[in-house]
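All remarks here apply to the structure that follows.
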Amino acid sequence: MMPRPAQRSRSFRKKPVNTPGGRQTIHYLKKGPCIARCAVCKRPLHGVPSGLPSEMRKLKKTSKRPDRPYGGNMCSACSRETVKSKNIARWEND
Amino acid sequence: MIDVGRICVKTAGREAGKFCIVVEVLEEGFVTVTGPLAVTHVKRRRCNIDHLEPTPEVIKIKKGASDDEIIGIYKHEGIFKKLGSEPPSEKELEAAREKERKRASEKKKPKPKPAEQPPEEKKPEHRAEKKEKHEKKPEHKEKAPKKKPEHKEKAPKKKPEKHASKKKPEKAPKKKAKKPKHK
Ligand SMILES: [Zn+2]
């Protein structure tokens, strides 16, 4: 099968699919966003799904980020260190 | 460093960044901690020492002191200013008390039931369901040859026949009635 002219673009994700008739076809899917990463150490975040906005809208808020200060923005180790450093700075000023 | 009366900051979980006070030292590496709930929104709970960051503040309290006692001491010693919060209003205090009562009542009631029954019952149920599913699939396949499961097929066959017999007479007269109209 030739792709439609509109699908002749590298902006589509190509997914090979085995049909029930034994034929292999290609499904053209929209590319989603990148994986969420920690703002400090740039490691991928756990518990933060990445999908098209239409897919993300269907999820609940609790399933989109960890319920923690800086959740969905920093990894657990980095958020813990920021909390510690803030605590130290607070009592130094007093 | 972390003893009864030490004010700490929680560093893990949804209460991270909030102040709490150590009420009791449990087994090695664990303490009981409380905000109190009305002051800093930290529940009275068991906590790992690795998830606490100590502050220089220490208060003299009894071991296992209640939240109301701790709030009273906070007022006397002016701890609220140091923590950057205001003394809780009566509404907040009552709300916190009610929450703790609910937690206490919930803890007492449901725990024994799930501990005794479900682990024994649930597993067989799931297995039974899975078995049923597996059994159902072969039944459908066997219906095509129509001869192997004799007893099982007789029961379901009778029921559809009854339904069919009820439906057929209803349909038949309608068709008869229609046909003359067309003619
Ligand atoms: Zn990080």
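The values are calculated or read from the model by the stated rules, or taken from the named source; none is laboratory data. All values reported here derive from a predicted model rather than from experimental measurement. Cβ coordinates were reconstructed from backbone atoms using ideal geometry, including for glycine residues, and neighbour counts include every protein chain displayed. Side chains included, ligands, DNA and RNA excluded: accessible areas come from the protein's heavy atoms. Shrake-Rupley method; radii C 1.70, N 1.55, O 1.52, S 1.80 Å.
Scan A:7, A:24 and give me the residue that is at negative phi and in contact (Cβ under 8 Å) with a residue 12 or more places away in the chain. Give the steps one after another, and end with the answer.
Values: A:24 fails: in contact (Cβ under 8 Å) with a residue 12 or more places away in the chain.
Result of the check over A:7, A:24: A:7.
Of all residues in region A:45-76, which are under 10 Å from the mean Cα position of the chain (by Cα) and hydroxyl-bearing (Ser, Thr, Tyr)?
A:50
Run down A:15, A:86 and say which single residue is part of a strand (DSSP E or B), more than 17 Å from the chain's Cα centre (by Cα) and surrounded by 10 or more Cβ atoms within 10 Å (Cβ to Cβ). Step through it out loud before you land on a result.
Details: A:86 fails: part of a strand (DSSP E or B).
Of A:15, A:86, the one residue that is part of a strand (DSSP E or B), more than 17 Å from the chain's Cα centre (by Cα) and surrounded by 10 or more Cβ atoms within 10 Å (Cβ to Cβ) is A:15.
Kindly establish whether residue A:90 is closer than 30 Å to residue B:84 by Cα and within 16 Å of the ligand (Cβ to nearest atom). Steps first, answer last, please.
Values: closer than 30 Å to residue B:84 by Cα: yes; within 16 Å of the ligand (Cβ to nearest atom): no.
No, not satisfied.
As an exercise: evaluate residue B:36 against (1) open to solvent by less than 10 Å² (accessible area, probe 1.4 Å); (2) within 14 Å of chain A (Cβ to nearest Cβ) and give the number of the one condition it does not meet.
(2)
Among (1) open to solvent by 100 Å² or more (accessible area, probe 1.4 Å); (2) over 30 Å from residue B:57 (Cα atoms), there is one condition residue A:93 misses while meeting the rest; what is its number?
With (1) open to solvent by 100 Å² or more (accessible area, probe 1.4 Å); (2) over 30 Å from residue B:57 (Cα atoms) applied to residue A:93, the lone miss is (2).
For residue B:4, are the conditions met, namely being crowded, with 16+ Cβ neighbours inside 10 Å, away from every other protein chain (no Cβ under 14 Å), out of contact with any Phe, Trp or Tyr (no Cβ under 7 Å at 6 or more places or on another chain) and in a loop (DSSP other than H, G, I, E, B)?
Values: crowded, with 16+ Cβ neighbours inside 10 Å: yes; away from every other protein chain (no Cβ under 14 Å): yes; out of contact with any Phe, Trp or Tyr (no Cβ under 7 Å at 6 or more places or on another chain): yes; in a loop (DSSP other than H, G, I, E, B): yes.
Spelling it out, residue B:4 is indeed crowded, with 16+ Cβ neighbours inside 10 Å, away from every other protein chain (no Cβ under 14 Å), out of contact with any Phe, Trp or Tyr (no Cβ under 7 Å at 6 or more places or on another chain) and in a loop (DSSP other than H, G, I, E, B).
Please go through region B:50-102 and pick out each residue that is within 14 Å of another protein chain (Cβ to nearest Cβ), closer than 16 Å to residue B:23 by Cβ and open to solvent by 50 Å² or more (accessible area, probe 1.4 Å).
Scanning region B:50-102 gives B:51, B:58.
If you take the residues in region A:48-71 that are within 14 Å of another protein chain (Cβ to nearest Cβ) and surrounded by 15 or more Cβ atoms within 10 Å (Cβ to Cβ), which one is nearest to the ligand (Cβ to nearest atom)? Talk me through it step by step, then tell me what you get.
Taking region A:48-71 first, the residues within 14 Å of another protein chain (Cβ to nearest Cβ) are A:61-62, A:65-71.
Now narrow it down to the ones that are surrounded by 15 or more Cβ atoms within 10 Å (Cβ to Cβ): A:65-66, A:68-71.
Numbers: A:65: 14, A:66: 13, A:68: 13, A:69: 14, A:70: 9, A:71: 12 Å.
If we take residues in region A:48-71 being within 14 Å of another protein chain (Cβ to nearest Cβ) and surrounded by 15 or more Cβ atoms within 10 Å (Cβ to Cβ), then A:70 is nearest to the ligand (Cβ to nearest atom).
Working only within region A:29-47, note down all residues that are open to solvent by 60 Å² or more (accessible area, probe 1.4 Å) and outside any loop (DSSP other than H, G, I, E, B). Step through it out loud before you land on a result.
Initial filter on region A:29-47 (open to solvent by 60 Å² or more (accessible area, probe 1.4 Å)): A:30-31, A:33-35, A:37, A:40, A:42-44, A:46.
If the condition is that a residue be open to solvent by 60 Å² or more (accessible area, probe 1.4 Å) and outside any loop (DSSP other than H, G, I, E, B), then A:30, A:37, A:44 are the ones that fit.
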